[in-house]
Amino acid sequence: MIALLRAVNVAGHKMVAMGDLRELLTKLGFANAKSLLQSGNLTFDSSHSPKKVEELLEKEAAKRLGLETAFFVRSAAEWDEIIAKNPFPKEAKDDPGRLVVLFLKDARDAATLQKAIKGREIARGEGKQLYVFYPDGQGRSKLTNALIEKTLGTRATARNWNTVLKLRHADER
């Protein structure tokens, strides 16, 4: 499984050591806990449903680590499907740092997000993952996570395409 944490270790907010998260996973009975980067990317083994794991991690991270944040958990099969359904194959190959996957708490359609976009960004997809290509980069974009969550009415976290692929390989199944 792969778990993504929302907005941890960003600009000094919601600081948490990846070692503490790996230890939490181990204490909860999950095997092969690994972390990737310092921004809250975890891989581990579990036989439970992603939804059940998500709820458990949110509850236990708050209780044991004092960390209140959203977790987005996907199974290995779901992760493979996320990669396979990428509607931007050319951009993924030519400019993967500007391609982002939005992981959502609730299923949505990218058409809703596209209507709110004022710049050159392009949103595609439907379900609990949406894909956004930022041709001018995220740093200058007005399409922020706050705007995304407000427009879609659900919590979200984003990972660029390079990280999505690295997590696929980090989760050796």
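The values are calculated or read from the model by the stated rules, or taken from the named source; none is laboratory data. Bear in mind that the values here come from a model prediction, so they are computed numbers and not experimental data. Glycine also receives a Cβ, built like all others from the backbone with ideal geometry; neighbour counts cover every protein chain displayed.
Residue check: is K93 closer than 19 Å to L167 by Cα, in the same structural domain as Q138 (by TED's automatic domain parsing) and more than 19 Å from the chain's Cα centre (by Cα)? So K93 fits the description; yes. Of the residues S46, S75, which single one is of a type outside the set (A, V, I, L, M, F, W, C) and in contact with a Phe, Trp or Tyr (Cβ under 7 Å, 6 or more places away or on another chain)? Checking each option against the conditions leaves just S46.
Checking each residue in region 15-42 for being in contact with a Ser or Thr (Cβ under 6 Å, 6 or more places away or on another chain) and at pLDDT below 80 picks out only M18.
As a summary of the residue check, R155 satisfies the conditions (1) more than 20 Å from M1 (Cβ to Cβ); (2) in contact with an Asp or Glu (Cβ under 7 Å, 6 or more places away or on another chain); (3) of a type outside the set (A, V, I, L, M) except for the one numbered (1).
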